[in-house]
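Written below as structure tokens is the structure these notes are about.
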Amino acid sequence: MFNKAIDNDLCAKNPVANVRLQSTKKPKEKRTLNAEEQRNAIEWAIKNKHFDILTVLKTGITEVNCSD
């Protein structure tokens, strides 16, 4: 917004250009499935015909790579 104001000669400079905010959100803890958890998940996915989950488990893609 300030950059547009500068472009339109409404403001001489951006007073918040170098301000960086720190997140207060705790980072999400990530972990991998152990071998038994993988087997159980694969068996469940096959039994319940959740081939999308099976694909994720077999290829190692993350939720970021998946689309809804």
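None of the figures in this text is laboratory data; all of them are computed from the coordinates on show. Only a predicted model underlies this, so the values are computations on that prediction, with no experimental measurement involved. As a convention, Cβ positions derive from the backbone with ideal geometry for all residues, glycine included, and neighbour counts pool all protein chains shown.
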Gain on full stretching of the segment that runs from A35 to D9 - 0.36 nm per residue minus C-alpha separation
3.1 nm
Pairs of lysines in the chain (C-alpha under 25 Å apart; 8 or more residues apart or interchain):
5
In the stretch 1-67, what trypsin sites (Lys or Arg not before Pro) fall in a loop by DSSP, with at most 10 other Cβ atoms inside 10 Å?
K13, R20, K25, K28, K30, R31, K49
In the list (1) 5.3; (2) 8.4; (3) 4.3, the entry giving mean projected area of the Cα convex hull in nm² computed from the coordinates is (2)
